[in-house]
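Have a look at the structure below before the remarks.
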Amino acid sequence: MARPVSTPHVVEAALRAARKLGKDVADVPVALIATEAGISRSTLLRRFGGSRTALNDAVRAAGVDPGGLPPVRTRAVAAAAALISESGLAAATLEAVAARAHCSVYSLHAVFGGRDELMRAVFEQHSPIIDVEQFFECADGDLSEMTRGFYRTVANALSREPRVAPAVFAEAFARPTSPAVQSLAAYGPPRMLGVLSRWFDAEIRAGHIRDLPLPLLAQQLLGPILLHVLARPALSNVPVWSPPDIDTVCDVFAEAFVRAVATSRR
């Protein structure tokens, strides 16, 4: 009488077959896995209810990504971004991300090293920082044109789905000392200030804006557009609030910023 086929036995056979072929488990034919396990293909499929998906799930439950899907990093960043947008920063636990990304927590640790690096990867992809860096690399114009372009860039980045940056700001205002906020604060603001400081320094040297402290210039620039875009979704449902289109908002804020910081000779 043939001995029962255990799930660990088949999983180990699947991993051995994948290593021999240099492929992901999901890309190894069931027949080859069955041969490696010393059983027939039909026996293997019966053990897993006739489903290849169940076999892949067993491999995943053993802490190994079976593959056949986009890379764990891609899936995890997308899953974490969706969770943050839907329910806030605290919702993106490693367990919740792993469940949505169809991977194991072990795989997340292998790819990111921990939750902080995962959050940085999400923020890197979904914050306005890359958009702003690309804007300043390509844009050219006078102070008014650059300011209007900057505002449109930030407004577009903050308004798109998934709305990661607004959720991060909400967490920062509510729990500024939380470890996740502290980790992102050590990464995001210095990078944004670095980009803005290069622009401000060039404009100051050219005599276009007054030589004001960098933090104050950055606050005057960023404050209005951040407050407007973050509050706009909620205020749009208030009967007495009828916000203008975003291009008009950017034009008005740009004019106000230039009037506030420009040198008198402009």
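Is it true that A96 is of a type in the set (G, A, S), modelled with pLDDT of 90 or more and under 13 Å from the mean Cα position of the chain (by Cα)? Judged against the criteria, A96 is not a match. Across region 80-116, the number of residues qualifying as of a type in the set (K, R) and under 14 Å from R60 (Cβ atoms) comes to 1.
Of all the criteria given as (1) over 18 Å from P233 (Cα atoms); (2) surrounded by fewer than 19 Cβ atoms within 10 Å (Cβ to Cβ); (3) among the polar types (S, T, N, Q), the one not satisfied by S104 is (2). Given the criteria among the aliphatic types (A, V, I, L, M), assigned to a helix (DSSP H, G or I) and at pLDDT below 90, does A82 qualify? Judged against the criteria, A82 is not a match.
For region 235-266, filtered to residues that are at pLDDT below 90 and β-branched (V, I, T), the residue that is surrounded by the fewest Cβ atoms within 10 Å (Cβ to Cβ) is V240. Suppose we filter A14, A58, A34, A54 for residues that are modelled with pLDDT of 85 or more and touching an Asp or Glu at 6+ places or on another chain (Cβ under 8 Å); which single one remains? One residue alone meets the criteria, A14.
One line per residue, one yes/no per condition, for (1) touching a strand residue (DSSP E or B) at 6+ places or on another chain (Cβ under 9 Å); (2) in contact (Cβ under 8 Å) with a residue 12 or more places away in the chain; (3) under 14 Å from R152 (Cβ atoms):
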| residue | (1), (2), (3) |
| --- | --- |
| L212 | no, yes, no |
| A218 | no, yes, no |
| L221 | no, yes, yes |
| L230 | no, yes, no |
| P239 | no, no, no |
| I246 | no, yes, yes |
| V252 | no, no, yes |
| T263 | yes, yes, no |
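Of the helices (runs of 4 or more DSSP H) contained entirely in region 160-234, those carrying at least 3 residues that are modelled with pLDDT of 90 or more and either in contact with a Phe, Trp or Tyr (Cβ under 7 Å, 6 or more places away or on another chain) or within 20 Å of A139 (Cβ to Cβ) (or both) fall at 188-205.
Here M192 meets each of (1) exposed (fewer than 15 other Cβ atoms within 10 Å of the Cβ); (2) within 24 Å of R120 (Cα to Cα) with one exception, condition (1). When S183 is tested against the conditions (1) more than 19 Å from the chain's Cα centre (by Cα); (2) farther than 19 Å from M146 by Cβ, the lone failure is (1).
Can you tell me how many residues in region 64-85 are under 27 Å from P233 (Cα atoms) and hydroxyl-bearing (S, T, Y)? Qualifying residue count, region 64-85: 1.
Going by the structure shown, is F200 within 31 Å of the chain's Cα centre (by Cα), within 24 Å of E133 (Cβ to Cβ), without any contact (Cβ under 8 Å) to a residue 24 or more places away in the chain and buried (at least 18 other Cβ atoms within 10 Å of the Cβ)? So F200 passes the test.
Please specify each residue of region 144-163 satisfying the condition of being within 30 Å of A260 (Cβ to Cβ), crowded, with 17+ Cβ neighbours inside 10 Å and under 14 Å from the mean Cα position of the chain (by Cα). Residues satisfying the conditions are A157, L158, R163. Go through region 235-266 residue by residue and tally those that are assigned to a helix (DSSP H, G or I), within 20 Å of G149 (Cα to Cα) and among the aliphatic types (A, V, I, L, M). The total comes to 8.
The values are calculated or read from the model by the stated rules, or taken from the named source; none is laboratory data. The structure presented is a predicted model; accordingly, all values stated were derived computationally and were not measured. Positions of Cβ are generated from backbone atoms using ideal geometry, with glycine treated the same way; all protein chains shown enter the neighbour counts.
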